[in-house]
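Novice: Here you go, one structure.
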Amino acid sequence: MSTFFSARDKKRITAAITKAEQETSGEIRVHIETYCPSSSLERAVFVFNQLKMDKTADRNSVLIYLATDSKKFAIVGDTGIHAVVPEGYWESVKTLMLNFFVLDKFVEGICEAVREVGKKLSVFFPYREGDVNELSNDVSVGA
(Lines give C-alpha, C1' and ligand atoms only; values in the text may rest on other atoms or scores of the structure.)
Protein backbone atom coordinates (compact mmCIF):
# COMPACT_ATOMS: atom_id res chain seq x y z
CA MET A 1 0.00 0.00 0.00
CA SER A 2 1.45 3.33 -1.05
CA THR A 3 1.96 5.91 1.70
CA PHE A 4 3.70 8.36 -0.61
CA PHE A 5 0.69 10.69 -0.42
CA SER A 6 -1.04 11.66 2.81
CA ALA A 7 -4.81 11.54 3.19
CA ARG A 8 -4.79 15.33 2.74
CA ASP A 9 -2.80 15.00 -0.50
CA LYS A 10 -5.29 12.46 -1.84
CA LYS A 11 -8.16 14.78 -0.93
CA ARG A 12 -6.50 17.60 -2.90
CA ILE A 13 -6.14 15.33 -5.94
CA THR A 14 -9.75 14.12 -5.62
CA ALA A 15 -10.94 17.74 -5.36
CA ALA A 16 -9.00 18.63 -8.53
CA ILE A 17 -10.64 15.70 -10.36
CA THR A 18 -14.11 16.68 -9.12
CA LYS A 19 -13.60 20.29 -10.23
CA ALA A 20 -12.23 19.30 -13.65
CA GLU A 21 -15.13 16.93 -14.27
CA GLN A 22 -17.70 19.70 -13.63
CA GLU A 23 -16.95 20.99 -17.13
CA THR A 24 -16.94 17.68 -19.00
CA SER A 25 -18.72 14.38 -19.47
CA GLY A 26 -15.25 12.82 -19.48
CA GLU A 27 -13.78 10.89 -16.59
CA ILE A 28 -10.38 11.28 -14.93
CA ARG A 29 -8.77 8.85 -12.50
CA VAL A 30 -5.45 8.88 -10.68
CA HIS A 31 -3.85 5.59 -9.67
CA ILE A 32 -0.82 5.43 -7.39
CA GLU A 33 1.28 2.41 -6.48
CA THR A 34 4.80 1.85 -5.30
CA TYR A 35 6.19 -0.62 -7.82
CA CYS A 36 5.76 -0.86 -11.60
CA PRO A 37 6.67 -4.37 -12.84
CA SER A 38 6.80 -3.39 -16.53
CA SER A 39 6.93 -0.28 -18.65
CA SER A 40 4.84 2.52 -17.17
CA LEU A 41 2.59 2.61 -20.24
CA GLU A 42 1.99 -1.17 -20.20
CA ARG A 43 1.16 -1.03 -16.51
CA ALA A 44 -1.08 2.02 -16.94
CA VAL A 45 -3.05 0.22 -19.68
CA PHE A 46 -3.41 -2.81 -17.39
CA VAL A 47 -4.65 -0.64 -14.50
CA PHE A 48 -6.93 1.31 -16.87
CA ASN A 49 -8.66 -1.93 -17.86
CA GLN A 50 -8.64 -3.27 -14.29
CA LEU A 51 -10.47 -0.11 -13.14
CA LYS A 52 -12.99 -0.66 -15.99
CA MET A 53 -12.18 2.77 -17.41
CA ASP A 54 -12.82 1.39 -20.89
CA LYS A 55 -16.52 0.95 -20.02
CA THR A 56 -17.60 4.62 -20.09
CA ALA A 57 -20.39 5.52 -22.52
CA ASP A 58 -18.27 7.87 -24.67
CA ARG A 59 -14.93 6.08 -24.13
CA ASN A 60 -13.59 9.39 -22.81
CA SER A 61 -11.76 8.47 -19.64
CA VAL A 62 -8.16 9.31 -18.80
CA LEU A 63 -5.88 7.60 -16.29
CA ILE A 64 -2.92 9.32 -14.69
CA TYR A 65 -0.68 6.55 -13.37
CA LEU A 66 2.23 6.96 -10.94
CA ALA A 67 4.55 4.30 -9.48
CA THR A 68 6.38 6.13 -6.71
CA ASP A 69 9.27 3.80 -5.82
CA SER A 70 9.85 2.85 -9.45
CA LYS A 71 9.83 6.55 -10.39
CA LYS A 72 7.59 5.89 -13.40
CA PHE A 73 4.41 7.51 -14.61
CA ALA A 74 2.14 7.46 -17.64
CA ILE A 75 -1.11 8.84 -18.98
CA VAL A 76 -3.63 6.74 -20.87
CA GLY A 77 -6.66 8.07 -22.69
CA ASP A 78 -9.48 5.84 -23.91
CA THR A 79 -10.27 5.59 -27.62
CA GLY A 80 -12.81 8.44 -27.65
CA ILE A 81 -10.49 11.10 -26.27
CA HIS A 82 -7.32 9.65 -27.80
CA ALA A 83 -8.87 9.95 -31.27
CA VAL A 84 -9.42 13.71 -30.96
CA VAL A 85 -6.41 15.08 -29.08
CA PRO A 86 -3.49 16.36 -31.17
CA GLU A 87 -0.40 14.25 -31.80
CA GLY A 88 1.94 14.49 -28.82
CA TYR A 89 -0.74 15.69 -26.40
CA TRP A 90 -0.17 12.97 -23.79
CA GLU A 91 3.59 13.61 -23.87
CA SER A 92 2.97 17.33 -23.30
CA VAL A 93 0.92 16.51 -20.18
CA LYS A 94 3.68 14.19 -18.97
CA THR A 95 6.21 17.01 -19.46
CA LEU A 96 3.98 19.36 -17.48
CA MET A 97 3.91 16.83 -14.63
CA LEU A 98 7.64 16.19 -14.82
CA ASN A 99 8.34 19.92 -14.42
CA PHE A 100 6.66 19.72 -11.00
CA PHE A 101 8.05 16.28 -10.09
CA VAL A 102 11.69 17.41 -10.45
CA LEU A 103 10.89 20.04 -7.81
CA ASP A 104 9.38 17.35 -5.51
CA LYS A 105 5.94 18.87 -6.06
CA PHE A 106 4.12 15.65 -6.84
CA VAL A 107 0.63 16.64 -5.71
CA GLU A 108 0.86 19.91 -7.62
CA GLY A 109 2.09 18.08 -10.73
CA ILE A 110 -0.79 15.64 -10.64
CA CYS A 111 -3.35 18.37 -9.93
CA GLU A 112 -1.99 20.48 -12.79
CA ALA A 113 -2.20 17.47 -15.13
CA VAL A 114 -5.79 16.84 -13.99
CA ARG A 115 -6.68 20.48 -14.75
CA GLU A 116 -5.04 20.29 -18.19
CA VAL A 117 -6.75 17.00 -19.08
CA GLY A 118 -10.06 18.38 -17.78
CA LYS A 119 -9.74 21.42 -20.05
CA LYS A 120 -9.06 19.21 -23.07
CA LEU A 121 -11.93 16.88 -22.21
CA SER A 122 -14.30 19.86 -21.87
CA VAL A 123 -13.46 20.95 -25.43
CA PHE A 124 -14.33 17.61 -26.99
CA PHE A 125 -16.75 16.24 -24.38
CA PRO A 126 -18.49 19.19 -22.71
CA TYR A 127 -20.67 18.65 -19.67
CA ARG A 128 -24.23 17.74 -20.61
CA GLU A 129 -27.35 18.21 -18.52
CA GLY A 130 -27.99 15.03 -16.58
CA ASP A 131 -24.42 13.79 -16.99
CA VAL A 132 -23.60 10.92 -14.64
CA ASN A 133 -20.24 10.50 -12.93
CA GLU A 134 -19.37 7.05 -14.28
CA LEU A 135 -16.14 6.50 -12.33
CA SER A 136 -15.00 7.31 -8.80
CA ASN A 137 -13.02 10.53 -8.38
CA ASP A 138 -11.07 9.04 -5.47
CA VAL A 139 -7.39 8.24 -5.92
CA SER A 140 -7.01 4.50 -6.38
CA VAL A 141 -4.04 2.87 -4.71
CA GLY A 142 -2.26 -0.33 -5.65
CA ALA A 143 0.55 -2.31 -4.13
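Novice: If a residue has to be without any contact (Cβ under 8 Å) to a residue 60 or more places away in the chain and of a type outside the set (Lys, Arg) to count, how many in the range 1-25 make the cut? It would help to see each step written out before you state the result.
Specialist: Applying the first criterion (without any contact (Cβ under 8 Å) to a residue 60 or more places away in the chain) to the range 1-25 yields 3, 6-8, 11, 15.
If we keep only those that are of a type outside the set (Lys, Arg) as well, we get 3, 6-7, 15.
Residues flagged as without any contact (Cβ under 8 Å) to a residue 60 or more places away in the chain and of a type outside the set (Lys, Arg) within the range 1-25 amount to 4.
Novice: Hey, can you tell me all the residues within the range 48-89 that are small (Gly, Ala, Ser) and without any contact (Cβ under 8 Å) to a residue 12 or more places away in the chain?
Specialist: The answer is Ala83, Gly88.
Novice: Okay, moving on. Consider the range 90-143. How many of its residues are among the hydrophobic types (A, V, I, L, M, F, W, C), touching a residue at least 12 places away in the same chain (Cβ under 8 Å) and outside any helix (DSSP H, G or I)?
Specialist: Result for the range 90-143: 5.
Novice: Could you count how many residues in the range 100-143 are surrounded by fewer than 16 Cβ atoms within 10 Å (Cβ to Cβ) and within 21 Å of Asp69 (Cβ to Cβ)?
Specialist: Selection size over the range 100-143: 5.
Novice: Does any residue of the range 62-70 turn out to be touching a Lys or Arg at 6+ places or on another chain (Cβ under 6 Å), modelled with pLDDT of 95 or more, crowded, with 16+ Cβ neighbours inside 10 Å and not in a helix (DSSP H, G or I)? Reasoning before the result, please.
Specialist: The initial filter retains those residues of the range 62-70 that are touching a Lys or Arg at 6+ places or on another chain (Cβ under 6 Å), namely 63.
Retained after the next criterion (residues that are modelled with pLDDT of 95 or more): 63.
Okay, now just the ones that are also crowded, with 16+ Cβ neighbours inside 10 Å, so 63.
Within this subset, residues satisfying the condition of being not in a helix (DSSP H, G or I) are 63.
Looking for residues that are touching a Lys or Arg at 6+ places or on another chain (Cβ under 6 Å), modelled with pLDDT of 95 or more, crowded, with 16+ Cβ neighbours inside 10 Å and not in a helix (DSSP H, G or I), one finds at least one in the range 62-70, hence yes.
Novice: Sort out which residues of the range 26-38 are polar (S, T, N, Q) and either free of Cβ contacts under 8 Å to residues at least 12 places away in the same chain or crowded, with 22+ Cβ neighbours inside 10 Å (or both), and write them in order of number. Full working, then the answer.
Specialist: Keep residues of the range 26-38 that are polar (S, T, N, Q), which gives 34, 38.
Result: Ser38, single match.
The values are calculated or read from the model by the stated rules, or taken from the named source; none is laboratory data. Bear in mind the structure is a predicted one, so any value in this text is a computation, not a measurement. Because the Cβ atoms are built from the backbone with ideal geometry, glycine has one as well, and the counts that use them run over all protein chains shown.
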